[in-house]
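Below is one structure, written out as structure tokens; comments come after it.
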Amino acid sequence: MIVLGIETSCDETSVALVEDNSVIENLVYSQIPTHRKFGGVVPEIAAREHLKKLPILFSELVDRTNIRMEELDGIAVTKGPGLIGALLVGVSFAKGLALRYRKKLVGVNHIIGHVYANYLAYPELKPPYIVLMVSGGHTLIFNVLNSEDMKIIGRSVDDAAGEAFDKISRLLGLGYPGGPEIDYYARKGNPNAFPFTRPKIYDPDFDFSFSGLKTAVLYEIHRLKKVGYTEETLPINDLAASAQEAILDVLLHKVTKAAKENNVKSIVFAGGVAANSRLRQKIDELSKHFNFYLPPLEYCSDNAAMIARAGIERLRKGNDDGLSIEPSPNFFEMMMERT
């Protein structure tokens with residue numbers, strides 16, 4: 001089964017061709033340089049960039065692969081959650097292709113797409129497993145019993161982990177997005193230099209809270225300045241490493257606890273924070289107790305290959321949303337649909 005994937009949920013424009021579990025081509029245009037000067041994604045600019053780049057990327061995909069649209073078994077497009085303007089661009093483009101070439105069209109839940117990124121590297125992966133989904137907008141744990149039963153058992157009650165990375169990066173005077181910046185500077189720092197608290201780590205539930213950690217970093221910066229440090233002499237590497245360690249300790253404690261209590265040995269990581277180098281190092285230390293699955297680095301951030309792979313799953317079950325598909329930016333609505 002060969003499927004065209006289209007992703008425009010936030011600040012990456014992407015198109016891909018996937019055949020079963022093999023990626024034929026995956027093209028991504030990142031808008032990060034455009035949004036960096038604003039310190040975050042500007043929705044209107046994001047939508048305009050998708051509108052400009054999506055047709056160009058699609059033409060490039062066709063040229064690179066020599067694919068004939070008649071060969072496609074279907075088209076998969078991100079329908080949500082995400083920025084409504086950005087989603088509209090992708091969905092409208094996908095509808096046009098489906099209408100022109102009379103192809104099946106399925107909408108894909110962006111969150112579920114991140115989970116299916118793992119299938120591109122581990123085609124043997126099968127439920128049951130626990131998923132830790134960590135991105136700029138979401139931090140979730142769900143228990144996957146089968147492809148039809150994905151139950152959310154933990155979520156962030158305030159800032160997502162990726163959002164905390166962005167805010168802490170801003171406090172330290174680093175760039176956007178915060179995750180890669182913190183990761184880079186933390187490699188040169190001491191993760192035990194500052195004993196930041198691990199929020200909710202010993203609570204009986206699987207929920208997360210990272211807004212307090214951001215505040216703790218802010219107070220620590222104020223304290224250091226009071227004792228003589230300046231913006232130029234702040235121990236940025238140690239602060240970054242210590243804050244990162246606190247976030248990762250909570251994430252790993254919660255997800256391994258969820259696996260133990262649900263009697264599951266396999267843990268699947270999804271989302272941009274899965275690319276964090278320290279996270280991957282800490283996972284190696286736990287690998288004798290669990291089977292860990294992490295997507296390849298190129299499929300951790302938003303991409304169309306993961307959307308196509310999730311779409312394949314829906315198409316195999318006979319789904320076809322047709323031209324009635326509408327973007328759905330609301331996370332909770334999308335998780336109710338589970339598609």
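No value in this document is a laboratory result; all are computed from the given coordinates. Keep in mind that this is a model prediction, so the values were computed, not measured. Glycine gets a Cβ as well: all are built from the backbone with ideal geometry, and neighbour counts include every protein chain shown.
If you add up the charges near H110, with Lys and Arg at +1 and Asp and Glu at -1, over every other residue whose beta carbon is less than 10 angstrom from its beta carbon, what do you get?
-1
How large is the dipole of region 153-226 about the Cα centre if only Lys and Arg carry +1 and Asp and Glu carry -1, each at its Cβ, rounded to the nearest 20 debye?
Computed charge dipole of region 153-226: roughly 460 debye.
Of all beta bridges DSSP finds with both residues in the chain, what is the antiparallel percent, to the nearest 5?
The antiparallel proportion sits near 60 percent.
Provide Y129, Y219, Y176 in ascending order of the number of other Cβ atoms located within 10 Å of each residue's Cβ, fewest first.
Final ranking by Cβ density, sparse to dense: Y219, Y176, Y129.
Distance cut-off 30 Å, Cα to Cα: go down the list K151/K317; K226/K254; K52/K103; K200/K282 and report the pairs above it.
K226/K254
Pick from A274, A216, A164: which is most flexible by mean-square fluctuation in a GNM of the chain where alpha carbon atoms under 10 Å apart are linked?
A216
Order of 78-90, 1-13, 54-66 by packing, highest average Cβ count within 10 Å first?
1-13, 78-90, 54-66
Run the numbers for N190 and H253: contour at 0.36 nm per residue of separation, minus the present Cα-Cα distance, in nm.
Gain on stretching N190 to H253: 20.6 nm.
Once Lys and Arg get +1 and Asp and Glu get -1 on their Cβ, which of P204, Y119, G162 lies farthest toward the positive end of the dipole of region 85-223?
My answer, from the dipole projection, is Y119.
Pull out a ≥ b ≥ c, the square roots of the eigenvalues of the alpha-carbon gyration tensor of region 49-94, then state rounded if a/c is under 1.5, prolate if not and a/b is larger than b/c, and oblate in the remaining case.
Verdict is oblate for region 49-94.
When V227, V264 are ordered from fewest to most other Cβ atoms inside 10 Å of their Cβ, what list results?
Least crowded to most crowded, the residues run V227, V264.
So how strong a dipole does region 127-294 carry about its Cα centre when Lys and Arg Cβ are +1 and Asp and Glu Cβ are -1, to the nearest 20 debye?
300
What percent does the relative contact order of region 127-294 come to when contacts are Cα pairs within less than 8 Å and at least six residues apart?
28
Where does the charge balance sit around I182 when Lys and Arg score +1, Asp and Glu -1, over other residues with C-beta under 13 Å from its C-beta?
Counting the neighbours of I182, the net charge comes to 0.
Of A305, A161, A246, which has the largest mean-square fluctuation in a 10 Å C-alpha GNM of the chain?
Ranking A305, A161, A246 by mean-square fluctuation puts A246 first.
Tell me, how many Å apart are the Cα centres for region 233-250 and for region 29-107?
With region 233-250 and region 29-107 each reduced to a Cα centre, they are spaced 36 Å.
What is the calculated FRET efficiency for I84 to S30, with r their C-beta to C-beta distance and R₀ = 25 Å, to the nearest 0.05?
My answer for the efficiency is 0.75.
Give, in nm to one decimal, the length gained when the segment between D203 and E19 is fully stretched (0.36 nm per residue of separation minus the Cα-Cα distance).
So the chain would gain 61.9 nm between D203 and E19.
So, in nm, how far is label E326 from label E60 when the simple model puts each one 7 Å beyond its Cα toward the Cβ?
3.4
Using a Gaussian network model of the chain with C-alpha springs under 10 Å, which one of I153, I130, I141 is most mobile by mean-square fluctuation?
Of the options given, I153 has the highest mean-square fluctuation.
Where does helix 84-101 land angle-wise versus the long Cα axis of the chain, in degrees 0 to 90, nearest 10?
The angle comes out at about 20 degrees.
To the nearest 20 debye, what is the magnitude of the charge dipole of region 121-168 about its Cα centre, counting +1 on the Cβ of each Lys and Arg and -1 on the Cβ of each Asp and Glu?
100
Whole Å is fine, so just give me how far the alpha carbon centre of region 268-291 lies from that of region 158-204.
16
Straight-line reach from K225: which lysines have Cα under 28 Å away, leaving out those fewer than 8 places along the same chain?
K37, K167, K188, K214
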